[in-house]
1. Here's a check for you: in segment 128-137, which residue that is under 22 Å from the mean Cα position of the chain (by Cα) and more than 27 Å from ALA212 (Cα to Cα) is most open to solvent (accessible area, probe 1.4 Å)?
2. Residues being open to solvent by 30 Å² or more (accessible area, probe 1.4 Å), more than 30 Å from ARG152 (Cβ to Cβ), in a helix (DSSP H, G or I) and not small (Gly, Ala, Ser): count how many of those fall in segment 72-92.
3. Please state which of the following conditions ASP69 fails to meet, knowing it meets all the rest: (1) of a type in the set (Asp, Glu); (2) in a loop (DSSP other than H, G, I, E, B); (3) open to solvent by 80 Å² or more (accessible area, probe 1.4 Å).
4. Give the residues of segment 153-191 that are out of contact with any Leu (no Cβ under 7 Å at 6 or more places or on another chain), in contact (Cβ under 8 Å) with a residue 60 or more places away in the chain and part of a helix (DSSP H, G or I), sorted by residue number.
5. Could you tell me how many of the residues in segment 187-221 are away from ligand 1 (no atom under 16 Å from the Cβ), open to solvent by 20 Å² or more (accessible area, probe 1.4 Å), within 17 Å of the chain's Cα centre (by Cα) and of a type outside the set (D, E, K, R)?
6. Look through SER84, SER105 and report the one residue that is within 30 Å of HIS22 (Cα to Cα) and at pLDDT below 95.
7. Would you point out the residue of segment 28-47, among those that are without any contact (Cβ under 8 Å) to a residue 12 or more places away in the chain and away from ligand 1 (no atom under 11 Å from the Cβ), that is least open to solvent (accessible area, probe 1.4 Å)?
8. Can you tell me which residue within segment 121-152, out of those that are touching a Ser or Thr at 6+ places or on another chain (Cβ under 9 Å) and not in a helix (DSSP H, G or I), is farthest from PHE103 (Cα to Cα)?
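The values are calculated or read from the model by the stated rules, or taken from the named source; none is laboratory data. Note that the structure is predicted; figures quoted are calculated from it, not measured. Here the Cβ positions follow ideal geometry from the backbone for every residue, glycine too, while neighbour counts run over all protein chains shown. When the accessible area is computed, the model is the full protein with side chains, heavy atoms only, and any ligands, DNA or RNA have been set aside. Shrake-Rupley method; radii C 1.70, N 1.55, O 1.52, S 1.80 Å.
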Amino acid sequence: MADTTVTGATVTDTMVRVENVHRSYGTGAAAVHALRGVRLDVPRGELVALKGRSGAGKTTLLNLVGGLDEPDEGRITVDGLDLSTLGEDGLLRLRRDRIGFVFQSFGLIPILTAAENVGVPLRLRRADPREREERVELLLSLVGLADHARQRPGELSGGQQQRVAIARALANNPSLLIADEPTGQLDAETGHAVMELLRAVVRSERVTALVATHDPTLLDLADRVLELRDGEVVAH
Ligand SMILES: Nc1ncnc2c1ncn2[C@@H]1O[C@H](COP(=O)(O)OP(=O)(O)OP(=O)(O)O)[C@@H](O)[C@H]1O
Ligand SMILES: [Mg+2]
């Protein structure tokens, strides 16, 4: 894909590039070769769905792209950065500043309110409190929860909790959203609404998203669908 040069910095049109990535778990006869030479590109600004049956390697791949795990072989580039060159501190900064994560189980902190949960990444970045409050308010409005700011996760529905998690993932204006089966714990209708929200924020926040899912709704809403099969990606 073409690269464009903007004021000296190289900005590529590709947000995520995965080249010949292998990842195995365990050794010897018990080894599981989860990824066997995965290649894929996620173009900047797109919503890409990743499907594949249970055990196909979706979570393994998302963990590698998110810098939570390292491949045995191959190369991963995120937002123009080769992850293998970053080191622990660099990966930490990448995850904090450029990537927002959304998980199947929401991952909210139970004793914090919705607003406080959304504000966590901003606190980690030591954002100015006033700026933080304004951003939290904006994000809660974006996900349709302005009126629920003071409720704790246990006082919210599953769909509302996932909306809070999406708002939190967007807090630091990430370049990339990584979501692992974000509707896996929701009923079909609620899951549909969450997928539509993801679709909308990819447009409005100019973020790129890579979403592992079995949900047919997202497969319809995505800009492209990739499938993991036998440890490799087959395009659709
Ligand atoms: N920590 C681990 N140790 C050993 N094997 C693992 C580990 N994590 C995953 N695996 C194996 O790697 C393969 C890929 O697992 P992965 O979790 O990536 O699949 P998945 O596509 O996310 O599945 P699901 O749809 O069920 O979430 C599976 O065979 C799994 O058993
Ligand atoms: Mg998984």
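1. GLU137
2. Total meeting the criteria: 3.
3. Only one criterion in (1) of a type in the set (Asp, Glu); (2) in a loop (DSSP other than H, G, I, E, B); (3) open to solvent by 80 Å² or more (accessible area, probe 1.4 Å) is unmet by ASP69, namely (3).
4. Scanning segment 153-191 gives a single hit, ARG168.
5. Result for segment 187-221: 3.
6. SER105
7. Looking at the filtered set, the residue picked out is GLY28.
8. Top of the filtered list is ARG150.
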